[in-house]
Amino acid sequence: MIKLLPLMVVLAVSGTSISAGCDQISSSNAIYQSILRADASTRSVRKLQQSLGVSADGIWGNRSQAAYENLVNRCNSYSYPGETTFVGNVKVIDFYQEKTVFESIPYELCSNQQQPVYGEVLTENDPSAFVGGAIVGGILGKAITDKEGGAALGAIIGGAIANENQKNKTKRKIIGYNDGLVCRTKFKKVPENFTQYSHSTITFLLDRREYTLEFKKK
């Protein structure tokens, strides 16, 4: 069942509070875009802050950002009258919404940073490798000769081989630093405006009383 509302008192009252600042949403979005580009003047930032009802210090911070987002959300739900058509004593008004949507735009953030330079360097001699080689050589020397002298000789040879093997080993490590430009991709939300049809109202007389009915066109 469709409910008829006398006049448009409810719409008029609620629209006044909701629309506060929404008539300038395009201008506000333009200033906000310049803030994102980092080319907004202090004067324009203060102007936007004043319209948002926050401290107009010319510095865009968290409070300013929150107030701006609240404005966008509020204005996205506000409908304003557009074209009016009369058919006899019947009046039809089309209402529209000026929507603001945010598009994520990638950009490069670059800064000079020290970058490590890697190279191959000889590993330091590990005493435990010599000891391990000597032990293994001693065991093998004694096993082969079955004499203590063979064990001693095997220990010397085993340790020497282990030590020589270490001399040819290299490892990759940082050998210095170079200053270089480091860039990374970040995203910023850029506002875009578009207008869309919201609904219509039809106003007519019935039993000497004026009524307004809300409907949507197909």
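The values are calculated or read from the model by the stated rules, or taken from the named source; none is laboratory data. As the structure is a computational prediction, the values presented were derived from the model and not from experiment. Here the Cβ positions follow ideal geometry from the backbone for every residue, glycine too, while neighbour counts run over all protein chains shown.
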| message | Could you tell me how many of the residues in segment 37-62 are within 22 Å of the chain's Cα centre (by Cα) and in contact (Cβ under 8 Å) with a residue 24 or more places away in the chain? | response | 1
| message | Can you find a residue that is modelled with pLDDT under 85 and farther than 30 Å from Gln97 by Cβ anywhere in segment 178-187? | response | yes
| remark: Within segment 28-48, residues of a type in the set (A, V, I, L, M) and in a loop (DSSP other than H, G, I, E, B) come out as Ala38, Ala40
| said: I'm told Leu205 meets every condition in (1) of a type outside the set (Asp, Glu); (2) at pLDDT 90 or above; (3) within 30 Å of Asn29 (Cα to Cα) except one. Can you identify the failing condition by its number? | reply: (3)
| task | Taking the options Ser79, Ser111, Ser44, name whichever one is surrounded by 12 or more Cβ atoms within 10 Å (Cβ to Cβ) and over 30 Å from His199 (Cα atoms). | result | Ser44
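Which residue is farthest from Val54 (Cα to Cα), if the candidates are limited to segment 66-81 and must be free of Cβ contacts under 8 Å to residues at least 24 places away in the same chain and among the hydrophobic types (A, V, I, L, M, F, W, C)?
Looking at residues that are free of Cβ contacts under 8 Å to residues at least 24 places away in the same chain and among the hydrophobic types (A, V, I, L, M, F, W, C), I get Ala66.
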| task | Could you check Lys99 against (1) at pLDDT 90 or above; (2) basic (Lys, Arg); (3) within 22 Å of the chain's Cα centre (by Cα) and say which number it fails? | result | (1)
| message | If I go through segment 75-107 residue by residue, how many of them are part of a loop (DSSP other than H, G, I, E, B) and under 29 Å from Arg209 (Cα atoms)? | response | 4
